[in-house]
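Asker: Have a look at this one before I ask anything.
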Amino acid sequence: LPPLFISFWENFGFLSLELSFLPLNCVFDSNFHDRLVLTTVAPVVVVGGIFLTWAVMRQQILLKGGTDVRASVASLTSKSIRLSVMVLFTVFPMVSTAIFQTFQYDYRLNDGSAYLRADYSIEKHQAAHQGYVVYASVMCLLYCFGIPAASWVALRVKRDRIHEFVVLSESIATMEKGG
């Protein structure tokens, strides 16, 4: 990983993205459905918090004024987008795993019943679980397809600017090496 990301992430070592270090049922009565909702809603809340912070700080910059308002807002926006992308791609594997676990069942009893492999207290045909299957399907569209598709579109739209940046970076690196 890039050194900047590693140094950034070391500041958050006290936080763990692994939710299973303390089973949630030890704290309150929960099941897989609760974990699914928590796992899928938490990143949205974090990105929403980043957006809210961006909006407040942007307003402060605009009210303060000065000669470099545009550059300050651009820098703030860049940092906010970078942090949001890092959050989303950091939790992406965990969220995707939780979503796809919603569709994995154990049929081994051979009596027509099927139980959710992630939580054997949940039967496939329970009405409540069917609602969570719909929820997981929507979250699958949002996370598993939406995030990669949005990333591809963003990179595709900015490909010329990215290419210019790469060429300039390579030129500067070559010049620094004496070339």
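Asker: Would you compute, for the Cα atoms of the chain, the largest minus smallest coordinate along each principal axis and list the three values in descending order, in whole Å?
Answerer: The Cα atoms of the chain stretch 73, 42, 31 Å along the principal axes, largest first.
Asker: Provide the FRET efficiency to the nearest 0.05 for the Leu38-Val69 pair, computing r from the beta carbons and using R0 = 35 Å.
Answerer: According to the calculation, E is roughly 0.35.
Asker: While we're here: Go ahead and set up a Gaussian network model of the chain, Cα springs under 10 Å, then flag whichever of Ser72, Ser80, Ser137 fluctuates most.
Answerer: Ser72
Asker: Each label point is 7 Å from the Cα along the Cα-to-Cβ direction; what then is the distance between the points at His163 and Lys124, in nm?
Answerer: The two pseudo-label positions are separated by 5.0 nm.
Asker: For the chain, with every protein chain kept in place, what is the accessible area per residue (1.4 Å probe, Å²)?
Answerer: 71 Å²
Asker: In whole Å, how far is the Cα centre of the stretch 119-141 from that of the stretch 142-174?
Answerer: Each part's Cα centre sits 36 Å from the other's.
Asker: Between 0 and 90 degrees, rounded to the nearest ten: what's the tilt of helix 159-176 against the longest Cα principal axis of the chain?
Answerer: The answer is roughly 60 degrees.
Asker: Search the structure for amide H atoms under 5 Å from the amide H of Asp119, placed 1.01 Å from N in the peptide plane, and list their residues when 5 or more places away or on another chain.
Answerer: Counting only residues 5 or more places away or on other chains, the set is empty.
Asker: Compare Val45, Val37, Val167 in a GNM of the chain, Cα atoms joined below 10 Å, and give the one with the largest fluctuation.
Answerer: Result for the chain, Cα springs under 10 Å: Val167 fluctuates most.
Asker: Of Ser113, Ser30, Ser169, which has the largest mean-square fluctuation in a 10 Å C-alpha GNM of the chain?
Answerer: In the Gaussian network model the winner is Ser169.
Asker: What angle do you read, to the nearest 10 degrees and between 0 and 90, between the alpha-carbon axis of helix 32-64 and the longest principal axis of the chain?
Answerer: Roughly 20 degrees, rounded to the nearest 10.
Asker: Now a separate question. Quantify, in whole percent, the carbon and sulfur part of the accessible surface of the stretch 61-179 (1.4 Å probe; protein heavy atoms only).
Answerer: 64 percent
The values are calculated or read from the model by the stated rules, or taken from the named source; none is laboratory data. On a predicted model such as this, the values are computed, not experimentally measured, just so you know. Counting neighbours? That spans all protein chains shown, and the Cβs are built from the backbone with ideal geometry, glycine included. We work out accessible area using only protein heavy atoms, side chains counted, and drop any ligands, DNA or RNA first. Shrake-Rupley method; radii C 1.70, N 1.55, O 1.52, S 1.80 Å.
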